[in-house]
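The values are calculated or read from the model by the stated rules, or taken from the named source; none is laboratory data. For clarity, every value in this text was computed on a predicted model and none was experimentally measured. Glycine gets a Cβ as well: all are built from the backbone with ideal geometry, and neighbour counts include every protein chain shown.
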Amino acid sequence: MKKWTVAAFKAAKGRQKLGCCTAYDACFARLADEAGVPCLLVGDSMGMTMLGYETTLPVKMEETLSAVAAVARAAKNALVVADMPFGSYQCGDDSAMANAVACLKAGADAVKLEGGASVCGLIRRMTAAGIPVLAHVGMMPQSVNSYGGFKMQGKTREAATRVLADARAVAEAGAFAVTLECVPAELAAEITAALKIPTVGIGAGPVCDAQWLVMHDLLGLNEGHVPSFVKKYANLADEVKRAFSAYVSEVASGAFPVSG
């Protein structure tokens with residue numbers, strides 16, 4: 001397999017739909033990469049899947065950089081995108097630039113940040129400096145406190161117009177792709193048709209050029225709330241617990257380790 005690049009990802013629009021997912025460590029990044037996953041997002045969703053937080057907001061830049069480095073070391077072919085955590089780009093463009101540079105130095109091929117027209121100046125500055133940006137509009141988890149929860153966006157025509165305007169704005173600012181999260185499928189289809197860059201849907205229907213799923217959700221490792229749009233491709237939580245239980249039982253009974 002050839003290494004997926006930003007250029008190859010953009011060129012796939014209209015030619016190949018891409019199934020992409022998150023990864024947070026070298027073990028699962030290697031497995032996903034060997035299975036042919038074209039793009040791995042080191043998502044701030046690690047706050048909920050790996051670190052035990054209720055939202056993505058507490059994730060620190062240091063935690064992101066550690067996960068990015070681990071994923072980048074293991075993924076030989078996938079495009080690795082670093083999700084910039086809350087606070088890493090909201091406190092001034094100079095700070096945001098330094099954090100984005102740190103992500104690429106850790107091994108990321110690109111960064112992802114949330115926001116529409118409000119972050120276009122930053123997207124322009126990053127892309128001018130050679131930092132590829134994957135944008136994110138619609139439902140933005142880092143704005144969960146503003147929404148009052150994880151709620152679908154763009155349901156009214158007025159709201160849909162705002163999401164479409166944001167998507168157009170980030171594309172014009174130089175983003176190489178845009179995530180559409182939790183927007184109506186009809187709106188996602190409209191945006192996908194309107195933009196020359198790929199759309200990556202998560203809870204946005206089947207028309208998007210690519211899809212995201214959180215790794216723990218698609219593997220059945222997440223036993224908490226799972227969004228209704230998720231499809232579980234395995235149920236590894238039960239298998240993992242079975243293995244742990246068997247190990248504990250065999251040690252207790254003396255069956256493991258075997259003498260000699």
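Taking the criterion of being in contact with a strand residue (DSSP E or B) (Cβ under 9 Å, 6 or more places away or on another chain) and not aliphatic (A, V, I, L, M), the only residue of region 72-87 that qualifies is Asp83.
Taking region 1-59 as the search range and keeping residues that are of a type in the set (Asp, Glu) and in contact (Cβ under 8 Å) with a residue 40 or more places away in the chain, which one is farthest from Ala193 (Cα to Cα)?
Asp25
The set of residues from region 29-56 being outside any helix (DSSP H, G or I), modelled with pLDDT of 95 or more and under 15 Å from the mean Cα position of the chain (by Cα) comprises Val37, Pro38, Cys39, Leu40, Leu41, Val42, Gly43, Asp44, Ser45, Met50.
Scanning region 176-216 for residues that are assigned to a helix (DSSP H, G or I) and either in contact with a strand residue (DSSP E or B) (Cβ under 8 Å, 6 or more places away or on another chain) or surrounded by 23 or more Cβ atoms within 10 Å (Cβ to Cβ) (or both) turns up Leu187, Ala188, Ile191, Thr192, Met215, His216.
Take the conditions (1) part of a loop (DSSP other than H, G, I, E, B); (2) of a type in the set (S, T, N, Q); (3) surrounded by 12 or more Cβ atoms within 10 Å (Cβ to Cβ); Ser228 misses just one of them, which is (3).
Within region 63-90, residues that are closer than 15 Å to Met46 by Cβ and at pLDDT 95 or above sit with their Cβ atoms under 8 Å from residues that are β-branched (Val, Ile, Thr) and in a helix (DSSP H, G or I), at 6+ positions apart or across chains, in these pairs: Val80/Val68; Val80/Val71; Ala82/Thr64; Ala82/Val68; Asp83/Thr64; Met84/Thr64; Pro85/Thr64; Ser88/Thr64.
Would you confirm whether or not region 161-169 contains a residue that is part of a loop (DSSP other than H, G, I, E, B), of a type in the set (S, T, N, Q) and either over 29 Å from Glu54 (Cβ atoms) or without any contact (Cβ under 8 Å) to a residue 60 or more places away in the chain (or both)? Among the residues of region 161-169, not one is part of a loop (DSSP other than H, G, I, E, B), of a type in the set (S, T, N, Q) and either over 29 Å from Glu54 (Cβ atoms) or without any contact (Cβ under 8 Å) to a residue 60 or more places away in the chain (or both), which makes the answer no. Beta carbons closer than 6 Å, at least 6 apart along the sequence or on distinct chains, pair a first residue in region 95-109 that is on the phi > 0 side of the Ramachandran plot with a second that is part of a helix (DSSP H, G or I) and surrounded by 15 or more Cβ atoms within 10 Å (Cβ to Cβ) for Gly107/Val68; Gly107/Ala69; Gly107/Ala72.
Consider Ser118 carefully, then state whether it is buried (at least 16 other Cβ atoms within 10 Å of the Cβ) and of a type in the set (Gly, Ala, Ser).
Details: buried (at least 16 other Cβ atoms within 10 Å of the Cβ): no; of a type in the set (Gly, Ala, Ser): yes.
Here the answer is no, as Ser118 does not meet what is asked.
Scanning region 102-117 for residues that are under 15 Å from Glu62 (Cβ atoms) and either modelled with pLDDT under 95 or in a helix (DSSP H, G or I) (or both) turns up Ala102, Cys103, Lys105, Ala106.
How many of the residues making up region 1-28 are within 23 Å of Pro206 (Cα to Cα) and assigned to a loop (DSSP other than H, G, I, E, B)? Count: 8.
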